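Participant: Got a structure for you, written out below as structure tokens; questions coming shortly.
The values are calculated or read from the model by the stated rules, or taken from the named source; none is laboratory data. Just so it is clear, the structure is predicted and the values come from calculations on it, not from any experiment. For neighbour counting, all protein chains shown are included, and Cβ atoms are generated from backbone atoms with ideal geometry for every residue, glycine included. In case anyone asks, the SASA skips ligands and DNA or RNA and just uses the protein heavy atoms, side chains included. Shrake-Rupley method; radii C 1.70, N 1.55, O 1.52, S 1.80 Å.
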Amino acid sequence: MQKVNAIVLREFGDPVEVAMVESVELPPPAPGEAQVKILAAPINPADINILEGKYGNLPELPAMIGNEGVGEVVALGERAKGLAIGTRVLLRHGLGTWREMLNAPREKLAPISSELPVEQAAMLMINPPTAWRMLHDFVELREGDWVVQNAANSGVGRSVIAICRSLGIRTLNLVRRTELIDELKAAGADEVVLDEPASAEQTTALVGSSGAKLGLNAVGGESALRVANALGDGATHVTYGAMSRQPLRLPNGLLIFRDIAFRGFWVSRWLAQSTAEQRAAMFKQLTDLMKDGRLHVKVAATYPITEARAAIIHARQGERAGKILFVNS
């Protein structure tokens, strides 16, 4: 029995106060399990919401936290087929990746190419799949079509830009800071405008009279309405986040006269309901994009597990330059 550092949640509340670093016992892997050293695990908005007790699927307490990550197999229990010592793996939801090492059932581990940069591979399970599914599951997009999104600087937003670029789909991206305009254009965005009322006329002009076919909303409130107003008749507006903590307020005309469909998306539900073949096909596409550098999520900083407080404070800053990750050297 060995001991490893882990972030343990014993009560919901202020994320900085309730994410406690503890030394926990780790037994040898049981039959059908692999022991995995966590190489990197990101801090996502959903993780913060779980710490606060404000997520759609909350764990029983006490709980290990962390919804995704990448690791390396260091030991195998009996009947852990298809893995070997040294295999790099993605970790599926529910394992609690904010720790130095864990035991996981074989079926919750997906072997991944060691050619991928560790920090990028750690972010392959949530943000890129969210972007991929929203771009493929709601409307049929063709080369030259427009997609409009807010929170374009987020992990999902940057993934949307990269995937659309690879498919020849144009993106109109709403951001909160002027300095992001040139940065996102350099990353492949077609158009970038400030997410503010004064940009409404500019946004509509950029997508033309037919409007965008798909709108992606991670903010809510007035920002969500600005996305909707850039859509064409019969388009679809998909909400996958609520960063502003403000509800959608929709004018009746968008429904009656414009026939815009308003939908929601939660990647956890898709992953739970999809088949192994569907997941494998999607991850192959995303892995290929990541291997050749077309898909890249910006990283602002990395921290060891033992610096949980500093990492979470950094992750909650509104104007950071990318994702925050826990790393284990």
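Participant: Sort 51-60, 208-217 by the packing proxy (mean of other Cβ within 10 Å over each peptide's residues), most packed first.
Facilitator: 208-217, 51-60
Participant: Also: Would the range 232-282 count as rounded, prolate or oblate if I go by the C-alpha gyration tensor, calling it rounded below 1.5 in a/c and otherwise prolate when a/b exceeds b/c, oblate otherwise?
Facilitator: oblate
Participant: So, for the chain, what is the accessible surface per residue at a probe of 1.4 Å, expressed in square angstrom?
Facilitator: So the chain comes to 45 Å² accessible per residue, rounded to a whole number.
Participant: Also: Could you work out the relative contact order of the range 249-329? I mean the mean sequence separation of Cα pairs under 8 Å and 6+ apart, divided by the number of residues, in percent.
Facilitator: 23
Participant: From Cα pairs below 8 angstrom and at least 6 apart in sequence, can you work out the relative contact order of the chain, rounded to a whole percent?
Facilitator: With pairs under 8 Å counted, the relative contact order is 17 percent.
Participant: Set the Förster distance to 30 Å, then compute FRET efficiency between LEU255 and ASN57 from the Cβ-Cβ distance, nearest 0.05.
Facilitator: 0.55
Participant: In deg cm²/dmol and to the nearest 500, what is the mean residue ellipticity at 222 nm of the chain if only DSSP H runs of at least 4 residues count, each as -39500 (n - 2.57), divided by the residue total?
Facilitator: -8500 deg cm²/dmol
Participant: Given points 7 Å out from each Cα along the Cα-Cβ axis, report the GLU277 to ARG320 separation in nanometres with one decimal.
Facilitator: Modelled inter-label distance: 4.0 nm.
Participant: Still on this structure, I have one more. Under the rule a/c < 1.5 gives rounded, and otherwise a/b versus b/c splits prolate from oblate, where does the range 229-329 land using the Cα gyration tensor?
Facilitator: It comes out oblate by the Cα gyration axes.
Participant: Could you give the dipole magnitude of the chain about its Cα centre, charging the beta-carbon of Lys and Arg +1 and that of Asp and Glu -1, in debye to the nearest 20?
Facilitator: 380
Participant: May I ask you to order 277-285, 166-174 by the average number of other C-beta atoms within 10 Å around their residues, highest value first?
Facilitator: Sorting 277-285, 166-174 by mean packing, highest first, produces 166-174, 277-285.
Participant: Using only the Cα atoms of the range 65-162, build the gyration tensor, take square roots of its eigenvalues as a ≥ b ≥ c, and label the shape rounded, prolate or oblate: rounded if a/c is under 1.5, else prolate if a/b is larger than b/c, else oblate.
Facilitator: prolate
Participant: Mind giving me the nanometre distance, one decimal, between the label points for GLU140 and ASN103, set 7 Å out from Cα along Cα→Cβ?
Facilitator: Taking the simple label geometry, GLU140 and ASN103 are separated by 5.1 nm.
Participant: Net charge within 10 Å of GLY168 by Cβ-Cβ distance, Lys/Arg positive one each and Asp/Glu negative one each, not counting GLY168 itself?
Facilitator: +1
Participant: Lysine pairs in the chain 8 or more apart or on different chains: how many have alpha carbons under 22 angstrom apart?
Facilitator: Lysine pairs satisfying the spacing and distance rule in the chain number 15.
Participant: Net charge near ALA301: determine it from the other residues with C-beta under 14 Å of the C-beta of ALA301, scoring Lys and Arg +1 and Asp and Glu -1.
Facilitator: +2
Participant: When Rg is the radius of gyration of the Cα atoms in the chain and Rh is its Kirkwood radius, what does Rg/Rh come to?
Facilitator: Computed over Cα atoms, the ratio is 0.99.
Participant: For the residue pair SER199 and LYS291, what label-to-label distance in nm results when each label sits 7 Å from Cα along the Cα-to-beta-carbon direction?
Facilitator: Output for this residue pair reads 3.6 nm.
Participant: Continuing with the same structure: Suppose R0 equals 35 Å; then what is the FRET efficiency for GLU25 and GLU78 from their Cβ-Cβ distance, rounded to the nearest 0.05?
Facilitator: 0.95
Participant: Please build a GNM for the chain, connecting alpha carbons under 10 Å apart, and tell me which residue among GLN35, GLN149, GLN202 fluctuates the most.
Facilitator: Residue with maximal mean-square fluctuation among GLN35, GLN149, GLN202: GLN202.
Participant: Tell me the carbon and sulfur percent of the accessible area for the chain, rounded to whole percent, probe radius 1.4 Å.
Facilitator: 49
Participant: Okay, moving on. Where does the charge balance sit around THR87 when Lys and Arg score +1, Asp and Glu -1, over other residues with C-beta under 13 Å from its C-beta?
Facilitator: +3
Participant: Set the Förster distance to 45 Å, then compute FRET efficiency between ARG245 and LEU167 from the Cβ-Cβ distance, nearest 0.05.
Facilitator: 0.90
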